[in-house]
1. Of ILE79, ILE213, ILE133, how do they rank once you tally other Cβ atoms within 10 Å and put the fewest first?
2. Based on other C-beta atoms within 10 Å, arrange LEU373, LEU106, LEU185 from fewest to most.
3. Give me log10 I(q)/I(0) at q = 0.11, 0.23 Å⁻¹ for region 282-349, Debye formula, one equal scatterer per alpha-carbon, no solvent.
4. Expressed as a whole number of Å, what is the distance separating the alpha-carbon centroids of region 226-297 and region 303-371?
5. Identify all lysines with a Cα-Cα distance to LYS279 below 18 Å; exclude those on the same chain that are fewer than 8 residues away in sequence.
6. Any lysines with Cα under 17 Å of the LYS212 Cα? List them, leaving off those in the same chain fewer than 8 positions away.
7. Please list, in chain and number order, the residues 5+ apart from GLY353 or on another chain whose amide H is under 5 Å from its amide H, with Hs placed from the backbone.
8. With contacts defined as alpha carbon pairs under 8 Å and 6 or more residues apart, what's the relative contact order of region 317-389 in percent?
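A short reminder: the numbers here are calculations on the coordinates, not readings from a lab. Small disclaimer: the values here were computed from a predicted structure and weren't measured. Don't worry about glycine lacking a Cβ; one is built from the backbone with ideal geometry, like all the others, and counts go over all protein chains shown.
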Amino acid sequence: MATASTTVSLRHPRATKTASTFISNTNYFKAPASRNCGGVRWRLGGAVRCEVAAEVGGVVAEKEKRLTTLKNGNDSLEICRALNGMWQTSGGWGRIDRDDAVEAMLNYADVGLTTFDMADHYGPAEDLYGIFINRVRRERPPEVLENIRGLTKWVPPPVKMTSSFVRDSINVSRRRMDVSSLDMLQFHWWDYSNPGYLDALKHLTDLKDEGKIKTVALTNFDTERLQKILENGIPVVSNQVQHSVVDMRPQQKMAELCQLTGVKLITYGTVMGGLLSEKFLDTNLSIPFAGPPLNTPSLQKYKRMVDAWGGWSLFQNLLQTLKQVASKHGVSIPTVAVRYVLDQPAVAGSMVGVRLGLAEHIKDTNAVFSLVLDEEDFSSIREASEKGKDLLKVIGDCGDEYRRA
């Protein structure tokens, strides 16, 4: 069986390139202004330089940790492995101020968190991205713009999927995001008994061939339908599914097919809306008003997943295990939770929700790239996770939670 791999498009710079040239072209992987090398003091851009292979190698290694390439045939897209999820702009998490939100997006991009995930129904998400990308074009050097990725989703109504309907729908997202070509279009379909999803995907593939879309992907499709789509010759590069230390369903069926075909998983719900955090450690939500309020749609959604998995008491045991691992490595529970899922087979990237202008988790997210879990960590987390119910048996395959009668 093929194993999951990470592909990075960055080429090693030629030996004749100076460190200053290389580092200026990588923007958010910055080196100190000066360095001791073999006892010789040198300055970036100065007349005296020493061999910088170790420095360059470190920058390359850092990019390898951050970036991965989704591929299918001739289609490919490089993304950051920690994606900025923009569901939180759709309402229910607090009022979003447009200017503050765009400024926050710039802050994420400036520290290397350059991939944004949104949808046609996430409130103003696509419009915010359009404003943001225009500011990047005006205010940042070209190499920053080259690294930005905007992934969106299309969730159509159950109507006939004609070429003109699909084209018109995608053009709405292109206009809102102010791009000539969507980096990725992730497609969702509600009713599998209606085979129109294959028609829609074929029309999306035509738009890709025209240059209106760079890559076609799925969201919340199950293993059976993913296989059918691939058998119909539709070159999807990824499937976005719910995946966390509580919800390990993608590893039971979906990941095997992905490894065989090269399709990757992008995961959401990986920190369960914030439930997988120190904030909810040692709390008892069974007592009214005793714990932190579940005051966002994501907290309420993932609390239901906890209940289906095994309940709050068992969840506390899992949080305690994650806290032990986090303390061992000097990081937070969310950082461990994301790293654990990123290290699962077929997983290319994991979503971390961003409450733009309201709260930020840049430090915790960036810590994911330097965290290395050892076998003891994996074993203890896996043991705590497996104490809960098998959600594949309780709920069904990936995405089935959205299709239950």
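1. Values: ILE79 27, ILE213 23, ILE133 20.
The order, fewest Cβ neighbours first, is ILE133, ILE213, ILE79.
2. Placing the least packed residue first, the sequence is LEU106, LEU373, LEU185.
3. Debye curve over Cα of region 282-349, log10 I(q)/I(0) at q = 0.11, 0.23 Å⁻¹: -0.33, -1.18.
4. 11 Å
5. LYS301, LYS303, LYS323, LYS363
6. Filter leaves LYS153, LYS202.
7. Long-range HN contacts for GLY353: GLY85.
8. Working: 48 pairs, mean separation 28.5, N = 73.
The normalised contact order for region 317-389 reaches 39 percent.
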